[in-house]
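Following: one structure in structure tokens, then a few remarks.
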Amino acid sequence: MTTTYLVHKQPGFALTRRGKVVRWIAVTLGFCLVAALVSAGILLYVRYPSALGTLDVVTTPPGAEVWLDGRRVGTSPCTIERVGSGFHTLRAVHEGFLLAEREVLVEPGEQPEAVSFVLQPIKAEPPPAARASDSAPTERIAEFMQRAEEAFQRGDWVTPANDNALYYADAVLLIQPDNEPARAMRTRVQNALVRQAELAAGRGDLALAQSTYNLLLNRFPSDERSQSGITRIANLIDANRGQAAHFLALAEAAFAAGRYLDPPHNNAYFYLSQVLAHERGHPQAQALRAEIRQRMQAQAEARVEEGALEQAIGEYRRLARLFPEDRTLLYRAGQLERQRTADRSRAVSAVSVPAVRQMPGHHSETTGTLRFSATGLVFAAPRGTESLSLATEDIAELRLVRHELCVTTTKGVRYRFTGRDLKHGVALWQVLRRSPTPASPSSKQESSAHPNHQPQ
């Protein structure tokens, strides 16, 4: 007789065992993932010790607020740690002094980058005859707003440093925080940057779109369009990550053909910008970019040797916009502009411009001609009784704001003139009054032999 035993297996036992296996597999995979991440981190740390840098900021005088890319980071002197490698914008703001800003390049490593600012006073010490007046801030505001408009018209919205529309508008707001024209200029700059970024993105110039959105975010941190634009451009760059080699080949071909900066969107600089947008810090692209800057700078200096100062100034200003990290470009442009003014002034010994004299006490105006020369100023009116002659030694100050000229004598007497061409006469007078002798045929020859005379 055979006895059969039936064993009834409980289903819960099998499920419990299977669950333990799944959990062990999950734990093992998690451990492997963590180990891989730690290993990758160690490898990156060994190969690239740090992708961050440090900035040591010092100002003269100390105590200035220091801003990095649109956010306040401390008071000078200060050390800014853990700054991402690449270009950043530093600003120093001190009450009673002009705003100062600078584009700095942060290199990864432990050695800090030293940055120093020498701040300039907003209101210079006036001459004795003008110290009783408190109109200097108002005149300085008018001067800054005129420079802001000129910079905006030539496209210098936020670069180069210390000579752009936003810089001058912010300088006005430091003097007068509720100045409406300065606020309006900031809005114009902001809208211009947005338009430039959108147009660049629309035509596929991702490098310009990315840099413009970054400028917008640095200068206007509360602008929501900049953050959304940066995210959108970053997604487009990631989607086309493999295009860097293609753009580099186009850049090398354009460089070999001599197309360094022109024509638009088909030159070596344009293609290299796309490469650096896709692969930041690409060594070959950076080296070729530096070579373009050197060659274009040599070309600008050749214009100087040829006597084409106007063309050389334009080329240097363009280079200052394209290579904001090189501050010597803007400095050289300023040197050439002063040389141009001096050359124009030495070509003549006097200049006469139409002017209107504001008659004191009579609330009337007299139209005539104002003549500037080394010996002084002469206002000629149709009626001789209203004419005026002032010797150079009797003039304490000439102050020109827009189209209004205020002449203050050593005795404190003031004369006011208006005219659209007065700035040419003032520039000539400032040069000629520094000549060793009054302007004459012999002194003109002497001044031409000394090309270092420059106007203030």
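Where a number appears in this text, it was derived from the coordinates with a stated rule and is not lab data. Owing to the predicted nature of the structure, the values given are computational and were not obtained by experimental measurement. We place every Cβ from the backbone using ideal geometry, glycine too, and count neighbours over all the protein chains shown.
Restricting to Cα pairs below 8 Å that are 6+ residues apart, what does the relative contact order work out to for the range 240-345? Please round to a whole percent.
Reported as a whole number, the value is 17 percent.
Over all directions, what mean area does the Cα convex hull of the range 140-204 project, stated in square nanometres?
Hull-based average projected area comes out at 4.3 nm².
For a quick check: with amide H placed at 1.01 Å from N, whose amide H comes under 5 Å from A100's, ignoring anything fewer than 5 positions away on the same chain?
Under 5 Å from the amide H of A100: A92.
In the range 157-226, which trypsin sites (Lys or Arg not before Pro) fall in coil by DSSP and have 14 or fewer other Cβ atoms within 10 Å?
Answer by residue number: R203.
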